[in-house]
Amino acid sequence: MISSAIAVHEKAVFKRIDLAVNDTDGMLDIPELVRKCEHTECISIMRQFESTDSGKMNTEDSKMIKGSILHIGSCSSEIYFYFYKKCGTKQKEWC
């Protein structure tokens, strides 16, 4: 890990900073955030959003969503947010 003093001295540029939150209590509901974006209930300086859901096919519960992704902003902008529910890639008992 680079210390901030070295980063400042070397004039480092951070193109990406990742922040991970293990939401074991379900406080961050990605599908609910998507609904808020769709109904203009999300207030932001960002001008666009995109969402994707994934699930299992050909099962008794085929409509069950296993993963959700929400992008807020544009990949070409300086600030871009990417939220996802990790259950689709790593099953946990709390997913």
Within segment 16-88: Cβ-based charge dipole about Cα centre, in debye rounded to nearest 20 (Lys, Arg +1; Asp, Glu -1): 180
Is there a pair in LYS15/LYS85; LYS56/LYS85; LYS15/LYS66; LYS15/LYS56 whose C-alpha atoms are over 25 Å apart, and which pairs would that be? LYS15/LYS66; LYS15/LYS56
Fully extended, how many nm does the chain gain between GLU10 and CYS75 (0.36 nm per residue separation, minus their Cα-Cα distance)? 20.7 nm
Compute the distance in nm between two label points, each set 7 Å from the Cα along the Cα-to-Cβ direction, one at ILE17 and one at LYS56. 3.9
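No lab work stands behind these numbers, since they all come straight from the coordinates. Keep in mind it's a predicted model, so treat the numbers as computed, not measured. Neighbour counts are summed over all protein chains in view; Cβ atoms, including those assigned to glycine, are modelled from backbone coordinates with ideal geometry.
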